[in-house]
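The values are calculated or read from the model by the stated rules, or taken from the named source; none is laboratory data. What you see is a predicted model; the values in this text were computed from it and never measured. Please note: Cβ atoms are built from the backbone with ideal geometry, for glycine as well, and neighbour counts cover all protein chains shown. Surface areas here come from the heavy atoms of the whole protein model, side chains and all, with no ligands, DNA or RNA. Shrake-Rupley method; radii C 1.70, N 1.55, O 1.52, S 1.80 Å.
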Amino acid sequence: MAAERELRTLADTAALAAEVAGRLRPGGVLLLVGDLGAGKTTFTQALARALGVSRPVTSPTFTLANAYPLPGGGELVHMDLYRLASPQGLYDLGLEEALEQGARVVIEWPERAQAVLDAEAPHRLTLRLALTADGARRATLTED
């Protein structure tokens, strides 16, 4: 079942992020799909705040993965696969270990490693972000 809404303000993004934070369980994966500039990192920053991360959350475009400790234990792991050389590189980033340790994992550009994600993260949330003609963002959330 897909839920669709428009994100016109940062408050709209924060509200959706709070909803997703309540659904993203330890060992869970959120796939973020959207073009450059669609708001994937902005959404991840709002999600991190909703989960209680107090330090700045930055795009892992060049490092490919950043981890943030969560209050009460566990981590939020943010991966950006845009520069991933091959789908197998997702294993080198520590996806299996993160899931086994109960991290909540957010992955930008998941289509770059879809076969690995299908095998390693069969139960996941997918958030598709798209810019609309009037400058808002359309967000479509599905649960796989």
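Where the accessible area of the chain is counted over protein heavy atoms with a 1.4 Å probe, how much of it, in %, is carbon and sulfur?
Roughly 51 percent, rounded to a whole number.
Only bridges with both residues in the chain count here: give the DSSP antiparallel percent, nearest 5.
Percent antiparallel among DSSP bridges in the chain is about 55.
So which trypsin sites (Lys or Arg not before Pro) in region 38-101 are both in a DSSP loop and have at most 16 other Cβ atoms within 10 Å of their Cβ?
Arg83
Extending each Cα 7 Å along its Cβ direction at Thr132 and Glu4, get the distance between those two points in nm, one decimal.
For Thr132 paired with Glu4, the spin-label model returns 1.0 nm.
For helix 10-23, what angle does its Cα long axis make with the longest principal axis of the chain, in degrees from 0 to 90 and rounded to 10?
Tilt of helix 10-23: around 40 degrees.
Show me the ranking of peptides 22-29, 102-109 by mean Cβ neighbours inside 10 Å, starting with the highest.
102-109, 22-29
Could you compute how fast region 74-144 diffuses translationally, taking Rh as the Kirkwood radius over C-alpha pairs and applying Stokes-Einstein at 10 °C with viscosity 1.306 mPa s? Give it in µm² per second.
Stokes-Einstein gives a translational diffusion coefficient of 120 µm²/s.
What nm distance separates the two modelled labels at Arg25 and Asp118, each placed 7 Å from Cα along Cα→Cβ?
Going by the 7 Å Cα→Cβ label model, 2.4 nm.
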